[in-house]
Amino acid sequence: MDILFLLVPFSVVLVLVILGGLWWAVDRGQFEDVDREGERILNND
Amino acid sequence: MDAVLSLPPSAALPDDGVALDDPAEWPAFGHALDGGRWESQVVVEGMHCAACAFTVEAALCAVPGVLRADVNAASRRARVLWSADAVRPSRWFAASAAAGYRLVPAGDLQARVRRAREGRAALWRWLVAGFCMMQVMMYAYPAYIAQPGEMTADAVQLMRWASWVLTLPVVLFSCGPFFRSAWRDLQQRRIGMDLPVALGMAIVFVVSTAGTFDPEGPLGHEVYFDSLTMFVFFLLTGRWLETRLRGRTAGALEALMNRVPDSIERLSADGSFQRVAVRRLAVGDVIRVRPGEAFPADGLLIDGHTTADEALLTGESRPVPRGRGERVLAGSHNLSAVVQLRIESVGQGTRFAQIVALMESASTGKPRLARLADRVAKPFLLGVLAAAALAAVLWWPAGPGQALMVAVAVLIVTCPCALSLATPAAMLASAGALARGGVLVHDLQALEALATVDTVVFDKTGTLTRDTPRLDRVYCREGLRPGDAVELAAALGAQSLHPVARALVRAWEQEHRTPPDWLALDLREQAGQGLEGHLQRRGSNAMPLHVRLGSAAHCGVEALPIDAPQLHLSDGHGWVASFVLAEELRADAAAAVAALKAQGIAVQLLSGDRTAAAREVAARVGIAQVQGDCTPEDKLRTLQHLQAEGRRVAMVGDGLNDGPVLAAAHASFALGNAVPLAQARADFIVMGSALSAVPEAIAQARRTLKIVRQNLAWAAGYNALCVPLALAGWLPAWLAGIGMAASSLLVVLNAARLARAAGAAA
């Protein structure tokens, strides 16, 4: 059970790291227009 | 490609007041009215609800020199009427910013950029809330399933600590907008729609924090981190979807506005094409438009043959072929080939700009039902706060922690947003759908009136029949060829908007590629009578010919003894020619009348034309009640008579000659492309030539009113049901969060059906 005292704080840190990754993605505008990427293959140029 | 991209420094408005106060920048986001007054369109930032709209209005109206401010919560746009003598725009921009809402000039690049940034921040808040919520659930789970004594006190405390750490970013970051807007409202001593929610969030967080760090304290040892993160997540989900949907339903406007490109290739003096900003174009410039690009200005094709997509401008969904010498419209798309055109009008002068101006004014107007919802919003919010306080007091004996949680449920579950969004969301969605089908809504209020219409009165000329009659026969003076007579008449008629004059111009254009070889000088038009002016052959120095074109009386000649519309041409020596015209019925006139009858609507025809001609047309389209020989006064009297009988009347006319009649009807349609949009005084403007747009618009209006009623009933019913449930303590906070988010979402989704229904029908 003692391992919990390591794992639970670790999971908190992990969540914060993942949030950092998401922030990076949102900040670079990857979710701005989700339709556009799907339509891109229909474009010739 | 050696094209140079050059944007003028003024392409985007700088934010500082100096540029705002430069009169040269004002037309970029508004237009001048008489008497030094200006009407400006601005985008309001940070606005969520009807209560916000009220605040901005009040702040703007408090500035001396601002005559009127209309703020629309659903489109987040404001229309401000101000006097240039008394105030500068920077003053009222500052006043609104002081109230907590920044203004951005509409029709401006910056507004779009800033909206994208706002959207990104909202998405990011939502992601943080969602992610932290999932993890907090994990930490909460053991406490729910563990039997008493199974978890050590240390483990329980560890989980609470972890939950608290992950709830912090949710409260501090994700809930930011709720707290900020509630705080702003408190500072201004008013109640906004975010206040109850923010209060609820703060209470839950305080109770749970106390439970974590001071389990023996007065607020009890229970924690609600899972409920808190969950309802924040639901609220943000609701708001995020709502913003997207609202953006889409009100988006016909945006779709129109974004049609004109930013830059285009212009022919320069040395014969090469250079890419310049569209704002630099002037009348007479020659530009090259590639397939896939939109035309930036109205103009005449001088080289190339293509097809154009004018769907948003005329409602004609099929691509139309356009060859040399034909007109193209700004905002339509060039589909198939590279073409060159000479610009005839730019910027505000284009038909496209007129359409946008119309749509803007419609989307900032506030329908009656929406104003009603605004009025009840404030007492409603006060009632919610009172109910929450009452709940806390009633439940206090059960323990302060539980009492506060019941109060929180009351605060969160009420949904004033659904009430205030119910009407404008539906009407804007409908206006957008109608615009895509080729009908512009001048005034949202008119949708309500149109839904209740039971009688439709048609005008004949230009309405049931085509705008322009067809030239049937020509009689002319000996020694003159009929073609020459038509050329003379077309040269004069080109200067007039009258349908009969246009018929002559069209007759000429059908035979010839070039304009008539005559120049019209000092032309005068006598409304309803005819034209008078001088004609001179191009490049010749001969004495100009004095001519008159119009009715027999106007020209001082004898009318032909036949029963048909006719037009005469005379000069200094008397009669020159007579033109006999024939009227053409619109192709879908009979079908439209039948569709109206199928909707249970009585159809009548009022015409200024001779009774016999009116009867004949009526018989062909299937209208039984006809009245001919009407002066505009007669029409007005007939209309008022119908209204006195208790009928709800919609009038369909050409929008130019029957202005007073259109204005007096409950709802009015103006038809035909001949009319400059800005002059059309009608609630609805049919951009194409399809008469079937009238029954379709009525069906759409009926659907709209039905949806508005559903929305209002839902909003009222939901609140009436949920507040007592929350008071009774049957609604936990997380369920309340789902309820509120789902309620406002349902209203917007229901409204969005209107956009889809019309799309499927068109």
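Any read-out appearing in this document is the output of simple, stated calculations on the displayed coordinates, not a laboratory observation. These numbers were taken from a predicted model, which means no experiment stands behind them. Neighbour counts run over all protein chains shown; Cβ positions are idealised from the backbone, glycine included.
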Number of partner chain Cβ atoms within 10 Å, mean per residue of B:129-140:
2
Those residues of region B:490-534 whose amide nitrogen sits under 16 Å from the label point placed on B:Arg473, 7 Å along Cα→Cβ:
none
How much length would be gained if the chain were fully extended between B:His573 and B:Ala612, taking 0.36 nm per residue of separation minus their Cα-Cα distance, in nm to one decimal?
10.6 nm
Report the label-to-label distance for B:Ile562 and B:His546 in nanometres (one decimal), using points 7 Å from each Cα along the Cα→Cβ vector.
3.1
Which value in Å does the Kirkwood hydrodynamic radius of the protein assembly as shown take, with 1/r averaged over all unlike C-alpha pairs and then inverted?
30.5
Could you please state, rounded to a whole Å, how far the C-alpha centre of region B:458-502 is from the C-alpha centre of region B:506-541?
12
Name the residues whose placed amide hydrogens come within less than 5 Å of the amide hydrogen of B:Thr465, ignoring near sequence neighbours (fewer than 5 apart) on the same chain.
B:Arg586
Determine the shielding of peptide B:153-165 by partner chains: average, over its residues, the number of Cβ atoms on other chains within 10 angstrom of each Cβ.
2
For a Förster distance of 51 Å, can you work out the FRET efficiency between the beta-carbons of B:Arg324 and B:Ala97, rounded to the nearest 0.05?
0.45
Once both labels are modelled 7 Å past Cα along the beta-carbon direction, what's the B:Lys597-B:Leu523 spacing in nm?
4.2
Longest span of chain B, sites excluded, free of trypsin sites (Lys or Arg not before Pro) in DSSP loop with at most 10 other C-beta atoms within 10 Å?
B:190-512
Stokes-Einstein D for chain B at 10 °C, 1.306 mPa s, Kirkwood Rh over Cα pairs, in µm²/s?
53
Under the definition of Cα pairs under 8 Å and six or more residues apart, what whole-number percent is the relative contact order of chain B?
13
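Please report the net charge: other residues with Cβ closer than 15 Å to the Cβ of B:Ile191, K and R +1, D and E -1.
+2
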22 Å Cα cut-off, lysine pairs counted over chain B (separation 8 or more, or different chains)
6
Could the peptides B:217-226, B:553-562 be put in order, highest first, of the mean number of other beta-carbon atoms found within 10 Å of their residues?
B:217-226, B:553-562
Report ³J(HN,Hα) in whole Hz for each residue of region B:398-405, in order, from the Karplus equation J = 6.51 cos²θ - 1.76 cosθ + 1.60 where θ = phi - 60°; Gly and Pro get x.
6, x, x, x, 5, 4, 5, 5
Using a simple spin-label model with points 7 Å from Cα along the Cα→Cβ vector, what separation in nm is obtained for B:Asp454 and B:Ala121?
5.3
Give me the extension gain from B:Ala84 to B:Leu67: residue separation times 0.36 nm, minus the current Cα-Cα distance, reported in nm with one decimal.
5.1 nm
Note down the net charge around B:Gly35, summing +1 for each Lys or Arg and -1 for each Asp or Glu among other residues with Cβ under 14 Å from its Cβ.
-1
Across A:15-21, the residue-averaged tally of Cβ atoms belonging to other chains within 10 Å stands at 4
Tilt relative to chain B, helix B:89-98 - C-alpha long axis, 0 to 90 degrees, to 10:
20
Any idea what the dipole of the protein assembly as shown comes to, in debye rounded to 20, about its Cα centre with Lys/Arg Cβ at +1 and Asp/Glu Cβ at -1?
840
Between 0 and 90 degrees, rounded to the nearest ten: what's the tilt of helix B:50-61 against the longest Cα principal axis of chain B?
60
Taking region B:470-582 and dividing mean pair separation by its residue count, relative contact order in percent (alpha carbons under 8 Å, at least six apart)
26
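In square nanometres, what is the average projected area of the Cα convex hull of region B:470-582?
6.8
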Sequence order, region B:687-693: Karplus ³J(HN,Hα) from phi using 6.51 cos²θ - 1.76 cosθ + 1.60, θ = phi - 60°, Hz rounded, Gly and Pro as x, gives 7, x, 10, 8, 6, 5, 4
With DSSP loop assignment and no more than 12 other C-beta atoms within 10 Å, the chymotrypsin sites (Phe, Trp or Tyr not before Pro) in region B:691-742 are B:Trp730
Residue-by-residue Karplus 3J(HN,Hα) for region B:663-669, coefficients 6.51, -1.76, 1.60, Hz, glycine and proline x:
5, 7, 6, 5, 9, 9, 10
Helix-only CD estimate at 222 nm, as mean residue ellipticity for the protein assembly as shown, using -39500 (n - 2.57) per DSSP H run (n ≥ 4)
-16000 deg cm²/dmol
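Once fully extended, how much extra length lies between B:Leu33 and B:Gln510, figured as 0.36 nm per residue of separation less the alpha-carbon to alpha-carbon distance?
Extra length from B:Leu33 to B:Gln510 when fully extended: 167.7 nm.
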Applying 1/(1 + (r/R0)^6) with R0 = 60 Å to the Cβ-Cβ distance of B:Asp21 and A:Met1, what FRET efficiency is obtained, to the nearest 0.05?
0.30
So, with +1 on the Cβ of K and R and -1 on the Cβ of D and E, and no other charges, what is the size of the charge dipole of chain B about its Cα centre, to the nearest 20 debye?
980
